[in-house]
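This report concerns only the one structure given below.
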Amino acid sequence: MEKIYLIFICLFAAFLFAADISAQVALQDSLTQGNLGAVVAKDTVSLQTKSPTAAMLRSLFIPGWGQWYNDKKFKSLVMFCAQGGLLANSIYLNQMLVKSQTDWERNYYLNNRNLSVWWLVGITLFSITDAFVDAHLSDFDESPDLSMMEISPLFTENDVGIKFTLCFCF
């Protein structure tokens, strides 16, 4: 049994450190010499992307860790509390099932324990999927310049209306 714990800890540490190393990507765009031998430009762009696999595995091992890795701190707290609460509820209902004496009590605790476990599985799968998708979209441009339509109120001396503006940037 101790060997299983040791293997689990080693694999866990390997995933942790491998994900941090593979998540840092540096892109370089450099033009050092033009046709006439003159230095044209040197530009280095550093882009750090998140590893979707690392986020997914982290969210699988510890509730909310994948969201924390993706810098979604509040979502991480919600996932941790939801999964922790459902796990505690399942354990409590299982203990009550063992202590129950009548068939009605056994049936009640059995059904509620199973329901709690199903909710736990569903929330865990949602958490894993959410961490995976957030990591994929970590380098997505979220600037407000992405909107092509602007709606604003229009007030003149005699009229009140709505102004629609379409913007196409090429």
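Structure data summary
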quantity: Scope segment 69-83; condition assigned to a helix (DSSP H, G or I) and surrounded by 17 or more Cβ atoms within 10 Å (Cβ to Cβ); matching residues; calculated: TYR69, LYS75, SER76, MET79, PHE80, ALA82, GLN83
quantity: Cross-chain or 6+ apart pairs with Cβ under 8 Å, segment 149-166 first and modelled with pLDDT under 80, then surrounded by fewer than 10 Cβ atoms within 10 Å (Cβ to Cβ) and not in a strand (DSSP E or B); calculated: MET149/CYS167; GLU150/CYS167
quantity: Residues that are under 17 Å from the mean Cα position of the chain (by Cα) and surrounded by 15 or more Cβ atoms within 10 Å (Cβ to Cβ), drawn from segment 102-135; calculated: ILE123, THR124, SER127, ILE128, ASP130, ALA131, PHE132, ASP134, ALA135
quantity: Test for GLN28: is it modelled with pLDDT under 90, among the polar types (S, T, N, Q), under 23 Å from the mean Cα position of the chain (by Cα) and closer than 30 Å to LEU137 by Cα; calculated: no
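The values are calculated or read from the model by the stated rules, or taken from the named source; none is laboratory data. Since the model is a prediction, treat every value here as computed from it, not as a measurement. Glycine gets a Cβ as well: all are built from the backbone with ideal geometry, and neighbour counts include every protein chain shown.
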